[in-house]
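Enquirer: The structure follows.
The values are calculated or read from the model by the stated rules, or taken from the named source; none is laboratory data. Computed from a prediction, not measured in an experiment: that's the story for all the values here. FYI the Cβ positions are ideal-geometry reconstructions off the backbone, even for glycines, and counts take in every protein chain you see.
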Amino acid sequence: MTFPRPITDHSRLSINTATTRAQWKLAEAIDGYARAGVKGISPWRDQIAEMGLANAAKAIRDADLHVTGVCRGGMFPWADAAGRAAMLEDNRRAIEEAATLEADCLVLVVGGLPAGSKDLAGAHAMVEEAIHTLLPEARTAGVSLAIEPLHPMYAADRACVNTMRHALDICEKMGDGIGVAVDVYHVWWDAELKNQIDRAGKDRLLAFHVCDWLVPTRDLLMDRGMMGDGVIDIPLIRGWVEAAGYDGFHEVEIFSELDWWKRPAEEVVETCKERSLSAV
């Protein structure tokens, strides 16, 4: 079979609610995506909390939307015992939310250095300890955990796991029930990317997130591009993940304070649909 296969419909299109965060609350996003014929949704936990977990779960079911992920668990490294306890409690709530929403995975943004620390190796060890503690509970709840490697620019404050290799090293230590979320924005630059996608295989490839890297990028967090507007060869990477066995959704996740968050949400969704056919 030749990869990537052409995309001819929207049956595997999911939209992460960050993409319309500035325009729509979660209830509006659920309704808007469903009306547009989008089949998947990935909500953020603050939006779930605002709507109420039970209300969100019912609305998503009634709209016949598939939850491709819950954003996010993680932020593991702690500064003290109280911080560790709070982190574990928050992640246990995240697991419960993902289970209630029947999500494909709980996305883990693992966190950076504890406040005032320069101990990167220590932060890595905390990430592994926290996952080792939480993974049995996630397995019991039927929730898969997906480590999302973030671009190295976020190593200090958002995620000290920055490559697929590092994420998969952790997964292999932990066993089943854990894998990776491949976000092209964060990993497109990695010369090892194809080999690490092959290494992950079907069992560890839990999510595939798409957007684009703009040149120039005006803000490294809030200026992601719509697919096709930047320099990432998204179809190439999609071909790699599909050849490795991934057959799930393509989740559009765009933080765009300077562009797409200023446009009508309906326009954003329609553009996501168009570009999912032409640029993914």
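Each row is one residue, and each column tells you yes or no for (1) of a type in the set (Gly, Ala, Ser); (2) at pLDDT 95 or above; (3) under 28 Å from residue 242 (Cβ atoms); (4) in contact with a Gly (Cβ under 8 Å, 6 or more places away or on another chain).
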site: 3; (1), (2), (3), (4): no, no, yes, yes
site: 9; (1), (2), (3), (4): no, yes, yes, no
site: 17; (1), (2), (3), (4): no, yes, yes, no
site: 22; (1), (2), (3), (4): yes, yes, no, no
site: 25; (1), (2), (3), (4): no, yes, no, no
site: 29; (1), (2), (3), (4): yes, yes, yes, no
site: 36; (1), (2), (3), (4): yes, yes, yes, no
site: 39; (1), (2), (3), (4): no, yes, yes, no
site: 44; (1), (2), (3), (4): no, yes, yes, no
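Enquirer: May I pose another question? Would you be able to say whether some residue in region 75-91 is loosely packed, with under 14 Cβ neighbours inside 10 Å and touching a helix residue (DSSP H, G or I) at 6+ places or on another chain (Cβ under 8 Å)?
Expert: Looking through region 75-91, none of the residues is loosely packed, with under 14 Cβ neighbours inside 10 Å and touching a helix residue (DSSP H, G or I) at 6+ places or on another chain (Cβ under 8 Å).
Enquirer: Are any residues in region 55-74 buried (at least 18 other Cβ atoms within 10 Å of the Cβ), in a helix (DSSP H, G or I) and without any contact (Cβ under 8 Å) to a residue 40 or more places away in the chain, and if so, which ones?
Expert: 59
Enquirer: Also: Test residue 230 against the criterion of being in contact (Cβ under 8 Å) with a residue 24 or more places away in the chain and surrounded by fewer than 22 Cβ atoms within 10 Å (Cβ to Cβ), and give yes or no.
Expert: No, not satisfied.
Enquirer: Oh, and also: Could you please find all residues in region 203-243 being over 20 Å from residue 107 (Cα atoms), in contact with a Lys or Arg (Cβ under 8 Å, 6 or more places away or on another chain) and of a type in the set (A, V, I, L, M, F, W, C)?
Expert: 213, 214, 226, 227, 240
Enquirer: Here is a follow-up. Pairs needed: first member in region 184-206, of a type in the set (S, T, N, Q); second member anywhere, in a helix (DSSP H, G or I) and at pLDDT 95 or above; C-beta distance under 6 Å; at least 6 residues apart or different chains.
Expert: Here the result reads 196/164; 196/165, each pair linking region 184-206 to a residue that is in a helix (DSSP H, G or I) and at pLDDT 95 or above.
Enquirer: Then there's this: Out of all the residues in region 1-34, which are of a type in the set (D, E, K, R) and assigned to a loop (DSSP other than H, G, I, E, B)?
Expert: Across region 1-34, the qualifying residues are 5, 9, 12, 21, 25.
Enquirer: Of the residues 181, 167, 200, which is part of a strand (DSSP E or B) and surrounded by 18 or more Cβ atoms within 10 Å (Cβ to Cβ)?
Expert: None of the others qualify; the one that does is 181.
Enquirer: Same structure, new question: Would you check which residues across region 97-129 are in contact with a Pro (Cβ under 8 Å, 6 or more places away or on another chain) and in a strand (DSSP E or B) and list them?
Expert: 111
Enquirer: I'd like the full set of residues that are β-branched (Val, Ile, Thr), closer than 25 Å to residue 74 by Cβ and either surrounded by fewer than 18 Cβ atoms within 10 Å (Cβ to Cβ) or touching a strand residue (DSSP E or B) at 6+ places or on another chain (Cβ under 7 Å) (or both), limited to region 30-54.
Expert: The answer is 30, 41.
Enquirer: Could you list all residues from region 233-247 that are touching a strand residue (DSSP E or B) at 6+ places or on another chain (Cβ under 7 Å) and either farther than 18 Å from residue 273 by Cα or free of Cβ contacts under 8 Å to residues at least 12 places away in the same chain (or both)?
Expert: Passing the criteria: 241, 244, 245, 246.
Enquirer: Counting only residues that are out of contact with any helix residue (DSSP H, G or I) (no Cβ under 6 Å at 6 or more places or on another chain) and crowded, with 16+ Cβ neighbours inside 10 Å, which one in region 11-26 is farthest from residue 71 (Cα to Cα)?
Expert: Of everything passing the filter in region 11-26, 12 is farthest from residue 71 (Cα to Cα).
Enquirer: Within region 248-260, does at least one residue satisfy the condition of being in a loop (DSSP other than H, G, I, E, B), surrounded by fewer than 18 Cβ atoms within 10 Å (Cβ to Cβ), touching a residue at least 24 places away in the same chain (Cβ under 8 Å) and of a type in the set (Gly, Ala, Ser)?
Expert: no
Enquirer: Only residues that are in a loop (DSSP other than H, G, I, E, B), under 20 Å from residue 271 (Cβ atoms) and in contact with a Leu (Cβ under 6 Å, 6 or more places away or on another chain): list them for region 219-247, please.
Expert: 230
Enquirer: If you scan region 130-164, which residues turn out to be in a helix (DSSP H, G or I) and of a type outside the set (A, V, I, L, M)?
Expert: 132, 133, 136, 137, 139, 140, 152, 154
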